[in-house]
1. Given the Cα atoms of the chain, and with Rh set as the inverse mean 1/r over their pairs in the Kirkwood sense, what is Rg to Rh to two decimals?
2. Among Ser23, Ala51, Leu36, which residue has its Cα furthest toward the positive end of the charge dipole of region 10-148, with +1 on Lys/Arg Cβ and -1 on Asp/Glu Cβ?
3. So in the chain, what percent of DSSP beta bridges are antiparallel if you round to the nearest 5?
4. Report the charge-dipole magnitude of region 97-149 in Debye, nearest 20, computed about the Cα centre from +1 at each Lys and Arg Cβ and -1 at each Asp and Glu Cβ.
5. What residues qualify as long-range amide H neighbours of Gly131, i.e. H under 5 Å apart, gap of 5 or more or another chain, H built at 1.01 Å from N?
6. Can you show me the helix-derived [θ] at 222 nm for the chain, built from DSSP H runs with n ≥ 4 at -39,500 (n - 2.57) apiece and divided by the number of residues, rounded to the nearest 500.
7. Just to be sure I understand the curve: with the Debye formula and one point per C-alpha of region 1-124, what is log10 I(q)/I(0) at q = 0.12, 0.15, 0.22 Å⁻¹?
8. Treating cross-link reach as a plain straight distance, find the lysines whose alpha-carbon is under 30 Å from the alpha-carbon of Lys30, omitting any fewer than eight places away in the same chain.
Amino acid sequence: MTISRKDVADHFSLRAPTYDRSSSWCTDTKLGELLLALARPGRQDRVLDVACGTGLVSRLFTGRVAELVGVDLTEEMAEQAVPHLDRLVVTGAEHLPFEDSTFDIVVCRQGVQFMDLPAAVEEMVRVVRPGGRVVLVNLCAYDERDREEYFEILRLRNPVRRHFFLPSDLEELLRKAGCDQTETRSYVSVENVDVWSDNGAIEEDRREAIREVYRNASSDFRSLHAVREADGRFTDHMLFVLAAGSKPPTARTSSEESHDASV
Ligand SMILES: C[S@@+](CC[C@H](N)C(=O)[O-])C[C@H]1O[C@@H](n2cnc3c(N)ncnc32)[C@H](O)[C@@H]1O
């Protein structure tokens, strides 16, 4: 089944009213601090938050930078980000309406999994200035051993998710889009699966199917995710990967290279 942008926006418009409470990671200050440590914002910086959603990541930059711009596909999510932004553009990340090298920092948390790849990451690198930073943050499987079961859980919880990642994938996306000095950090978020699956956009049968995957989980999965069960309820230690890279001073983005090749 092909997932359209409308499918994605419809899903997140249902989730918009309760999004900020839908996972403990949403407002986890330690995860936020790690993101900031990789982004390294300065007072004069212009920052772009791609897939800004309700502005939870944008808020981390409030008072720390000169300008904060958000981009998101879903109006009902993005309108909540408006008070935290200097400017909001409701559009897809695959064609960012900004000149090359407009920003010092581009961040995208839990966004690339819904986007055309590598196009969206190439756009992020295009609009950041040479020497600027791009930071991607996403839930990932730990490794091959939990990959299949975890991806199934993620798919059930969010049917419009298009990409599923292993820890090295995000850094690889940045490198292929032209970044160097790439680095990766990880962060484990402890989630109550019943709270996490109650996102306002999926039916009870999907939530039950998620519980069923946990009930039948392999010992590798249980051990990697440190799954805890009490009264039929599960707790999962979910892995976030934060990958950052710099655009080299003389960077040529892959879109520039393909443009040269086509003229
Ligand atoms: C899981 S939320 C993440 C929101 C925010 N970054 C955060 O960390 O809380 C995913 C967001 O990505 C947006 N999104 C999905 N596909 C997109 C695309 N192609 N371009 C722009 N935004 C997109 C959705 O509308 C949604 O608001």
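The values are calculated or read from the model by the stated rules, or taken from the named source; none is laboratory data. From a predicted model like this one, the values you see are computed outputs, not experimental measurements. Here the Cβ is made from the backbone with ideal geometry for all residues, glycine too, and neighbour counts use every protein chain on show. Just so you know, the surface numbers come from the protein's heavy atoms only, side chains and all, with ligands and any DNA or RNA stripped out. Shrake-Rupley method; radii C 1.70, N 1.55, O 1.52, S 1.80 Å.
1. For the chain, the value is 0.97.
2. The residue sitting farthest along the positive end of the dipole is Leu36.
3. Values: 22 of 40 bridges.
Of all bridge pairs located within the chain, approximately 55 percent are antiparallel.
4. So the magnitude is around 260 debye.
5. Under 5 Å from the amide H of Gly131: Lys247.
6. -9500 deg cm²/dmol
7. Debye output, listed in q order: -0.41, -0.66, -1.43.
8. Cross-link targets: Lys176, Lys247.
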